[in-house]
Every structure is written in structure tokens, then in C-alpha cells.
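Trainee: Can you read through this structure? Questions will come right after.
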There are 2 protein chains.
Amino acid sequence: MSDSRFDILGLGNAIVDVIARTDDDFLAREKLAKGGMMLIDEARTLKLYDAMGPGTTISGGSAANTIVGAASLGARTAFIGKVKADETGHAFTHDIRSVGVTFNTAPAKEGPATARCLVLVTPDGERTMNTFLGACQNLTPDDVDEDLVRAAEIVYLEGYLWDPPAAKEAFKKAAAVAHAAGRRVALTLSDSFCVDRYRDEFLGLIRERHIDILFANQHELHALYQTSDFDTALSALRDEDIVGVVTRSAEGSVTVTREETHAVPAFPIEKLVDTTGAGDLFAAGFLAGLARGGDFVACGRLGALAAAEVIQHYGARPERSLRELAEQEGLF
Amino acid sequence: MSDSRFDILGLGNAIVDVIARTDDDFLAREKLAKGGMMLIDEARTLKLYDAMGPGTTISGGSAANTIVGAASLGARTAFIGKVKADETGHAFTHDIRSVGVTFNTAPAKEGPATARCLVLVTPDGERTMNTFLGACQNLTPDDVDEDLVRAAEIVYLEGYLWDPPAAKEAFKKAAAVAHAAGRRVALTLSDSFCVDRYRDEFLGLIRERHIDILFANQHELHALYQTSDFDTALSALRDEDIVGVVTRSAEGSVTVTREETHAVPAFPIEKLVDTTGAGDLFAAGFLAGLARGGDFVACGRLGALAAAEVIQHYGARPERSLRELAEQEGLF
């Protein structure tokens, strides 16, 4: 394994979030499953956008949020994802680069617009996501710069990449290149519905040793192992003999390997505003912790801190320096 | 005076804000005058955007913010302003219509992009604005729908309209049509630098009776009458024999006519986050109060309430229903 230029390289859907406050009646009227992520086509996107209230636009995308969070904690980061050369794509590119992330994937000149996610936030802080994948569908293995993959200690992949057909191949290429270079591969399961769509493929990735570190929340873990019992699911995860990191909202997180189990509590918050990005930022903190050589407990604490910051405001990108926050809290 | 379909028609620059947190060092490095509004060209916009941090995009524009705030307080509202038919223009249009404002100005098909304001917010909550006027420069008297003007009790104009050359003519047309129909005309002075640019013209508008209600903050009032003494400036305003409404940040507001003076305190806040839109939303509350037939004290209280809401979060559009807030506070 040669020296690395990056701690973490993220590969994911490059999405800009349009966030609107709403209520449960609106979700019912529009037949939206609260708390989930639904894929919608362009016509539905326009219709839903027309129906919803005023929007606040902030860059998003699951793995992109994670990479930005890790950068905010001082990690050396890069990202691969596909935007179109349009206004929204320009904003995504600006936002991720402006926090120090290396991002050089060529934007699509033609085809669908940069991906947008209409994020509807109810007064309880729960978010319901409606994603138009747009230009993300044009991410292909050619976009995976092999030198960049080899240059990163960990390549971090989102399960949502299974949705755009060609992106799956990009995902597989990145994982293969990373392993050939002696690097580690991390995957987040993204969403329980995503797990329902691709359960066998995700289990295959794990069991064929393509994945070294798996991030999941408890709903995703239950979906993966098709059980409603947490201990059963956790035990199944332990048997995979990888590093499994499971988040449980206010109940904190558990990291398991075949030999070890480490539980870390959630970080206290003043007020839950918007859960968007909670899992993404937990992963950011955990991965940044690994980059600093921390043990699983230290990593879990950084994850909890980053998640706590992001759920106390709208949007899935940190509003303040997570490094300063970590210093204040004595975690750095 | 015939029946009105609208309480307030706003005429202003149609702008989308890109808000970024920054620090005083950045303002110094970029030679930006803290707290002001600076006009910048497209090249400078791109350069400043590249240099600044990640942005949150929210519709803005001074008169547009006021109209949206008044709509949130239940007023019947319409807006005239120029966007381009681009992604940003589409977002502006969606956001203002989605809160019930009638907005039908034809978007420009050609020429510069929809206006953007790069809003830099320092930790003290002060905002420094850098505006690329873009498509606003294409607002002309042809965009002023005379029937719409006649249909509104009050036409509300922003001083910033003096910046794009053709918009000034649109402004004058709207004021003339309104008065010919027996309606009232309100003007906000917008910004003390704007007053410096157009002092004689603004004083001319007031003294030639084109304006019935004038909104200003104390800095703008000092600039208008070129005095550093508040009482001197207020006395000069009183002598104009119009309704003068002056805001003084945490010290509340004063409404003066030739005969009367009414001071109203500011509304208490928990935490100042971003002053963007404070004056716009004060005007929103005041005008919505007039529409409800309130006296100047009632109007000032509604203005204070609306301003207090908007300065406690990022962006110049209300995040919650101001009508509900007014009901909770016993103002409705």
C-alpha cells in the first residue's frame, strides 16, 4: 500500500436538495411515505414542486454530505459524482469545492438536468425525500478515476448508487480498484427501501468481501436481514466478519466486528429541526475518526457529534466548522 | 376609488439570495463594506462566488420579501418584477406564487441571468450584500400592468429600483397610475448608499407628492437629510407632510405625520442570526396592518413581530406563518 493523498474518497449521487416545510396533511394528499426516499421522474418532480411551498436550496447527496462533513473535521477528501453543466450543477460544484473537497468529475453537457431532491420536512423534524436522479444516471465507470481511487485510504460508496443503472458499474469498479491497491471499501445502505430493492446484491457485495465497513441505521439493518428483532439483525451483521456500524437515532450507535461490540450514546441536542443528513454526518464523523487513527469508540463519538450538529438546522451540510465543535467538546 | 382586488402590489427587483456564513477577515480581504448593499457585475459575481463558502439559496428581493411577508399575514398581494426564464428565475417564481402572491410579469427570454445577491453573514448576524442585477435591468414600463396597479389599495416601491435605468420609468408609471386611480403609493428608501446615489430624486418624489408613505431606517433617514442627528432628521421628515415610518433596529420604530408621533418598541428575540430582510419584513407587517384597518401603533407592532421572526434565521423570507404568530401574540 502506497502513501495516500486522501483519507476518504466518496462516490455517490450528486444532488441538490430543495427543502420545504410542510405538514402531514400535505404528505397524505400527495401520497408520500413519510420518512422515506422515493425516486420520481421529471414530470412528477415538476408537479410536486408546483404543489409544495417555498424552497431553500442547499447541496446534498448522501455520500457528498458525508465527504463534506469529513472535510469539515479536517479529513483529506475527494468526491466522484455526476452533475450537468447547468445552474444547479454549478452550485453543487461550488459548494463541495469551497470546503476543500477535490471534485473533478466532468459534468454532463447533455441529457437530464442536475439531480434534485425535494425534501419535505414536517414539524416533528422528519424528512420525506423525493429524488429526481437526472444527470446522476450518466455516471459511468469512465468517471471513476483509478488513480484517485488508489490515492485514498478508504473509498466510501452509497447504496443509492444502485438506482441509476450505469452507476452500479462505477461502484463495482471503484471497489475493485481500491482493493487491488490495498485500500478499504465502505458502504452505506442508504435507506430501508433501497435495501428492499437491492437486498440480494448488497448481501452479495458483503459476502464476496467487496465491503470492509458497512454503515446502516437500524431500519436498514432490519430490512437487510428481514427481521424485526434488533439483536437478531446485529448478530447476523457480526457474522459477516466486517466492521458493522449501526445507528439508532436517539439511542446512539453500535459498532460490531466478529470479536468486539462498542456502543456509543447519541450526542445531546437542544432542538430537532430536520433529520436530513443525520446518517450521512454520522458516517462523516466515524470516517474522519478512522482517518485520525481513532478507535471505534472515538469514531462513534465524532459521528454522534457531527450528526447532532446537522439535525439542529435545515439541510444536510454542516453549518459550522465541525473541527471547532470537536475541539470545543474535547474530542480532538 | 373602485373596489380593490389587492391590498398591496409590490414593484421591485426580483432577486434570489445566495447566503453564506463568513467572517470579518473575508469581508476585509474582499474589500466589502460590512452591512451595505453593493452592486457588482457578472465577472465580479463569479469571482466573489468562487471565493465564498457554501451557499444556501433562498428567494429574496426587498419589495418581494415585503410582499411575501404581507401575504403570510393574510394580505391580498401581487408583485411585479423581472426574472429570466432560467433555473433561478423559475425558483423565484415558484417561491413567490407558492405563498399566494399573484406574480405574472413575463420572464425575459434573452439577456442577463436572473438577479442574484451574494449575502455574506458574519457571526454577529450582520449581512453584507453583493447584488448582480441581471434580468432586473430589463424591467420596463411595459411590465407595469395598469389594471393591476389600479386594483391595489397601495402600490409599494423599493428605492433599489432606481439602480436599473429602465426600472425607474416603471416605478414612475406605477406611481402615476396608482394616484390617478385614487390609490396610495409607498416607498422604501432601501439602503443608505442607495439614498446617497439618488437623494435629490427621492426628495423630489416626496416633495412632488408622488409618495404617500415613506419607509426608512435611521441610517437611510440620516442619509436623506444629510444629518447625523436623529431628531433633526425626524423633524425634516415630519415637515414633508406624508406618513413617515422609521425603523431603529433594537430601538423599535417611530411613525410620524405632521400632527402625530407614535413610537413602538422592537419585538423581543431569542437570538439574532441574520438581519437580512429586517426592514423588508417590518414594512410587510406595517402594510398588512394598514390593510386590516389598524392604527399606526397596531401597524408598528405587526411590523416589529414580522421583523423579529425573520432575523432569527437565515434568509429574508418568513419560515413560519406570520398570521399564526400574530394570533399567538394577540395581534390579530
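The values are calculated or read from the model by the stated rules, or taken from the named source; none is laboratory data. Owing to the predicted nature of the structure, the values given are computational and were not obtained by experimental measurement. Heads up, the Cβs are rebuilt from the backbone with ideal geometry, glycines too, and the neighbour counts pull from every protein chain shown.
Trainee: Go through region A:53-76 and give me each residue that's crowded, with 24+ Cβ neighbours inside 10 Å and out of contact with any Ser or Thr (no Cβ under 7 Å at 6 or more places or on another chain).
Mentor: A:SER59, A:GLY60, A:GLY61, A:ALA63, A:ALA64, A:ASN65, A:THR66, A:VAL68, A:GLY69, A:LEU73, A:ALA75
Trainee: Would you point out the residue of region B:68-89, among those that are of a type in the set (A, V, I, L, M) and in contact with a Lys or Arg (Cβ under 6 Å, 6 or more places away or on another chain), that is nearest to B:ILE58 (Cα to Cα)? Explain how you work it out, then say what you get.
Mentor: Taking region B:68-89 first, the residues of a type in the set (A, V, I, L, M) are B:68, B:70-71, B:73, B:75, B:78, B:80, B:83, B:85.
Remaining after also requiring in contact with a Lys or Arg (Cβ under 6 Å, 6 or more places away or on another chain): B:68, B:73, B:85.
Numbers: B:VAL68: 13, B:LEU73: 20, B:ALA85: 17 Å.
Among residues in region B:68-89 that are of a type in the set (A, V, I, L, M) and in contact with a Lys or Arg (Cβ under 6 Å, 6 or more places away or on another chain), the one nearest to B:ILE58 (Cα to Cα) is B:VAL68.
Trainee: May I pose another question? I'd like the residue in region A:93-118 that is farther than 22 Å from A:PRO164 by Cβ and part of a helix (DSSP H, G or I) and, out of all such residues, is nearest to the other protein chains (Cβ to nearest Cβ). Outline the logic, then answer.
Mentor: The initial filter retains those residues of region A:93-118 that are farther than 22 Å from A:PRO164 by Cβ, namely A:94, A:97-100, A:102.
Still in the running and part of a helix (DSSP H, G or I): A:94, A:97.
On the way: A:HIS94: 6, A:ARG97: 9 Å.
Across region A:93-118, the extreme among qualifying residues is A:HIS94.
Trainee: In addition: Checking A:ALA33 against (1) crowded, with 20+ Cβ neighbours inside 10 Å; (2) of a type in the set (A, V, I, L, M, F, W, C); (3) more than 14 Å from every other protein chain (Cβ to nearest Cβ); (4) farther than 17 Å from A:CYS136 by Cα, only one condition comes out false. Which one?
Mentor: Of the numbered conditions (1) crowded, with 20+ Cβ neighbours inside 10 Å; (2) of a type in the set (A, V, I, L, M, F, W, C); (3) more than 14 Å from every other protein chain (Cβ to nearest Cβ); (4) farther than 17 Å from A:CYS136 by Cα, the odd one out for A:ALA33 is (1).
Trainee: Taking only region B:174-226 into account, find how many residues are in a helix (DSSP H, G or I) and either closer than 15 Å to B:TYR156 by Cα or not acidic (Asp, Glu) (or both). Spell out the reasoning first.
Mentor: Step one: list which residues in region B:174-226 are in a helix (DSSP H, G or I), which gives B:174-180, B:192-207, B:218-225.
Right, trim to either closer than 15 Å to B:TYR156 by Cα or not acidic (Asp, Glu) (or both) and you get B:174-180, B:192-195, B:197-199, B:202-207, B:218-219, B:221-225.
Final tally of qualifying residues: 27.
Trainee: Among the residues of region B:129-137, is any touching a residue at least 12 places away in the same chain (Cβ under 8 Å), of a type in the set (Ser, Thr, Tyr) and farther than 21 Å from B:LEU281 by Cβ? If you could, list the steps in order and put the result at the bottom.
Mentor: First pass over region B:129-137, keeping only residues touching a residue at least 12 places away in the same chain (Cβ under 8 Å): B:129-137.
From the residues that got through so far, the ones that are of a type in the set (Ser, Thr, Tyr) too are B:131.
Checking which are farther than 21 Å from B:LEU281 by Cβ leaves us with none.
No: zero hits.
Trainee: Say we look at region B:304-321 and pick out the residues that are of a type outside the set (Asp, Glu), within 17 Å of the chain's Cα centre (by Cα) and within 14 Å of chain A (Cβ to nearest Cβ); which of these is farthest from B:PHE286 (Cα to Cα)?
Mentor: First pass over region B:304-321, keeping only residues of a type outside the set (Asp, Glu): B:304-308, B:310-318, B:320-321.
After this cut, where a residue has to be within 17 Å of the chain's Cα centre (by Cα) as well, the list is B:304-308, B:310-311, B:314-318.
Still in the list and also within 14 Å of chain A (Cβ to nearest Cβ): B:310, B:314-318.
Values: B:VAL310: 15, B:TYR314: 22, B:GLY315: 20, B:ALA316: 16, B:ARG317: 16, B:PRO318: 15 Å.
The extreme case among them is B:TYR314.
Trainee: Could you identify the single residue in B:ALA316, B:ALA307 that is in a helix (DSSP H, G or I) and modelled with pLDDT of 95 or more? Spell out the reasoning first.
Mentor: Working: B:ALA316 fails: in a helix (DSSP H, G or I).
Exactly one of B:ALA316, B:ALA307 is in a helix (DSSP H, G or I) and modelled with pLDDT of 95 or more, namely B:ALA307.
Residue-by-condition table, conditions (1) among the charged types (D, E, K, R); (2) closer than 21 Å to A:GLY285 by Cβ; (3) out of contact with any Asp or Glu (no Cβ under 7 Å at 6 or more places or on another chain):
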{"position": "A:ALA75", "(1), (2), (3)": "no, yes, no"}
{"position": "A:ALA78", "(1), (2), (3)": "no, yes, yes"}
{"position": "A:VAL83", "(1), (2), (3)": "no, no, yes"}
{"position": "A:THR88", "(1), (2), (3)": "no, no, no"}
{"position": "A:PHE92", "(1), (2), (3)": "no, no, yes"}
{"position": "A:ASP95", "(1), (2), (3)": "yes, yes, yes"}
{"position": "A:SER98", "(1), (2), (3)": "no, yes, yes"}
{"position": "A:GLU110", "(1), (2), (3)": "yes, no, yes"}
{"position": "A:THR114", "(1), (2), (3)": "no, no, no"}
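Trainee: Can you go through A:ALA28, A:ALA108 and tell me which one is over 20 Å from the mean Cα position of the chain (by Cα), surrounded by fewer than 19 Cβ atoms within 10 Å (Cβ to Cβ) and at pLDDT 95 or above?
Mentor: That would be A:ALA28, the only listed residue that is over 20 Å from the mean Cα position of the chain (by Cα), surrounded by fewer than 19 Cβ atoms within 10 Å (Cβ to Cβ) and at pLDDT 95 or above.
Trainee: Quick one: A:GLN226 ticks every box in (1) at positive phi; (2) touching a residue at least 40 places away in the same chain (Cβ under 8 Å) except a single one, so which number is it?
Mentor: Single failed check for A:GLN226: (2).
Trainee: Could I ask something else about it? Does A:ASP41 fit the bill of being more than 11 Å from chain B (Cβ to nearest Cβ), acidic (Asp, Glu) and over 24 Å from A:ALA106 (Cβ atoms)? Spell out how you get there, then give the answer.
Mentor: Details: more than 11 Å from chain B (Cβ to nearest Cβ): yes; acidic (Asp, Glu): yes; over 24 Å from A:ALA106 (Cβ atoms): yes.
Yes: the conditions hold for A:ASP41.
Trainee: Let me ask another. Which pairs do you get when a residue that is over 14 Å from B:ALA180 (Cα atoms), found in region B:201-215, comes within reach of a residue that is not in a strand (DSSP E or B), reach meaning Cβ atoms under 6 angstrom, with the pair 6+ apart or on two chains?
Mentor: B:LEU205/B:ILE211; B:ILE206/B:GLU240; B:LEU214/B:ILE242; B:PHE215/B:ALA283
Trainee: Among the residues of region A:22-29, is there at least one that is of a type in the set (Asp, Glu), within 30 Å of A:LEU9 (Cβ to Cβ) and within 14 Å of chain B (Cβ to nearest Cβ)? Spell out the reasoning first.
Mentor: Residues of region A:22-29 that are of a type in the set (Asp, Glu), as a first pass: A:23-25.
Those left that are additionally within 30 Å of A:LEU9 (Cβ to Cβ): none.
No, every residue in region A:22-29 fails to be of a type in the set (Asp, Glu), within 30 Å of A:LEU9 (Cβ to Cβ) and within 14 Å of chain B (Cβ to nearest Cβ).
Trainee: Being aromatic (Phe, Trp, Tyr) and closer than 30 Å to B:GLN328 by Cα is the filter; apply it to region B:46-92 and report the residue that is farthest from the other protein chains (Cβ to nearest Cβ). Don't jump to the end; show me each part of the working.
Mentor: Our first condition is that a residue be aromatic (Phe, Trp, Tyr); within region B:46-92, this holds for B:49, B:79, B:92.
So of that shortlist, the ones also closer than 30 Å to B:GLN328 by Cα come out as B:79, B:92.
Working: B:PHE79: 13, B:PHE92: 10 Å.
Per the criteria, the residue is B:PHE79.
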